[in-house]
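The structure appears right after this line, and notes come after that.
The values are calculated or read from the model by the stated rules, or taken from the named source; none is laboratory data. Bear in mind that the values here come from a model prediction, so they are computed numbers and not experimental data. Ideal geometry is used to build each Cβ from the backbone, glycine not excepted, and the neighbour counts take in all protein chains shown.
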Amino acid sequence: MSEYTVVVTDHDFADLSIEREGLADLADVVELTGDVGETVDDPHETLAEADAVINLRYDLDADAVAALEDCRVISRYGIGVDNIAVDAASERGIPVTNVPDYCLEEVSVHALTMWLALARGLPTYDDSVAAGEWDRGVATPIHRLSTRTVGVVGYGAIGRAVGERAAALGADVIASDPFLSAEDVADDPATLVEFEDLLEQADFVTVHSPLTPETRELFDAEAFARMREDAYFVNVARGPIVDTDALADALDAGEIAGAGLDVFPDEPPAADDPLRDHPKVLTTPHVAWYSEEANEQRRNTVVDIVRTALEGGEPYNVVNE
């Protein structure tokens, strides 16, 4: 019997071999549920035994956090912590940690790939050729990237990585972030502008903001109406940042040219979700973060954070210090 118990609320791995091997000498690793985001009728007995909790997308609300009797850390396999009642954890003195840097390359490249595909008309041309056509005009006009402006909403680590890659391809880069000043981006390729100005100027708008009360449905009907009619919208951040009904309406009305979506408010989207197979939308199943290397990195980082906490050290990557 190990000294400690680590509860993994949910995961999307074949098994928990990395977690069990990494903590074998210290803790028993227990699964609350093996399915991503699945709820449990009565999780409190299992959570009450937890000396540490590892979380993916399970809803660790205030009630669930209250069940943690002697928990030293809640560590999330990812960047965002919007599915964890962080304030409730803070009140109980429980550090909440994340892995902020495990997929910077993957997410920035995925966003770039989406808007490059849209910029070059690849989905439209692919469908056209598959239908037996051979017509350059189905996706025109197409412009040089060096004549385009990329607008990055949320200029944190991932937003900066996107900006650097877009600038390397010759695009002008503008960014909006309420927590930054012009001095903060003085050495970056991006020019800081107000959110409304970004919407009006950018040929490509790409979202990299966290999900907070302030960013929930940040992209609503008014935001899409401000965008250029030939602009493309890409979201690889969080689904609820976008009012998807407003996005569908904007696409149908020709207010914007198209969109690339890796995330939806409800995942997977319902069969009747108009964006799921919309002819102007390129979709992927919440995989912008993914590579084998990124997956291994986030798991090893979480194991190291949990080990540090259980051995009496100060956990790192704490979001509620």
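At-a-glance table
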| item | result |
| --- | --- |
| Qualifying positions in the stretch 179-196 - loosely packed, with under 15 Cβ neighbours inside 10 Å and among the charged types (D, E, K, R) | Glu183, Asp184, Asp187, Glu194, Glu196 |
| Filter pass, Pro265 being in contact with a Ser or Thr (Cβ under 7 Å, 6 or more places away or on another chain), surrounded by fewer than 18 Cβ atoms within 10 Å (Cβ to Cβ), under 26 Å from Ala85 (Cβ atoms) and of a type outside the set (D, E, K, R) | yes |
| Any chance Phe224 is in contact with a strand residue (DSSP E or B) (Cβ under 8 Å, 6 or more places away or on another chain), part of a helix (DSSP H, G or I) and assigned by TED's automatic domain parsing to the domain that holds Pro268 | yes |
| Set Ala259, Ala248, Ala237: member being at negative phi, in a loop (DSSP other than H, G, I, E, B) and not basic (Lys, Arg) | Ala237 |
| Arg216 being outside any loop (DSSP other than H, G, I, E, B), assigned by TED's automatic domain parsing to the domain that holds Leu118 and out of contact with any Gly (no Cβ under 8 Å at 6 or more places or on another chain) | no |
| Test: residue in the stretch 50-61 that is in contact with a Leu (Cβ under 9 Å, 6 or more places away or on another chain) and free of Cβ contacts under 8 Å to residues at least 40 places away in the same chain | no |
| The stretch 185-214, residues that are aromatic (Phe, Trp, Tyr) and either under 30 Å from Ala85 (Cα atoms) or within 16 Å of the chain's Cα centre (by Cα) (or both) | Phe195 |
| Residue among Glu293, Glu321, Glu311 that is acidic (Asp, Glu) and either closer than 24 Å to Glu200 by Cα or without any contact (Cβ under 8 Å) to a residue 24 or more places away in the chain (or both) | Glu293 |
| Residues satisfying the stated conditions in the stretch 213-229, i.e. over 19 Å from Ala117 (Cα atoms) and either out of contact with any helix residue (DSSP H, G or I) (no Cβ under 9 Å at 6 or more places or on another chain) or of a type in the set (D, E, K, R) (or both) | Pro213, Glu214, Arg216, Glu217, Asp220, Glu222, Arg226 |
| Residue match in the stretch 270-280 (condition: outside any helix (DSSP H, G or I) and buried (at least 18 other Cβ atoms within 10 Å of the Cβ)) | yes |
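Table: residues versus (1) under 28 Å from the mean Cα position of the chain (by Cα); (2) aromatic (Phe, Trp, Tyr); (3) under 21 Å from Thr301 (Cα atoms).
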{"site": "Asp10", "(1), (2), (3)": "yes, no, yes"}
{"site": "Gly22", "(1), (2), (3)": "yes, no, yes"}
{"site": "Asp28", "(1), (2), (3)": "no, no, yes"}
{"site": "Leu32", "(1), (2), (3)": "yes, no, yes"}
{"site": "Pro43", "(1), (2), (3)": "yes, no, no"}
{"site": "Thr46", "(1), (2), (3)": "no, no, no"}
{"site": "Ala50", "(1), (2), (3)": "yes, no, yes"}
{"site": "Leu56", "(1), (2), (3)": "yes, no, yes"}
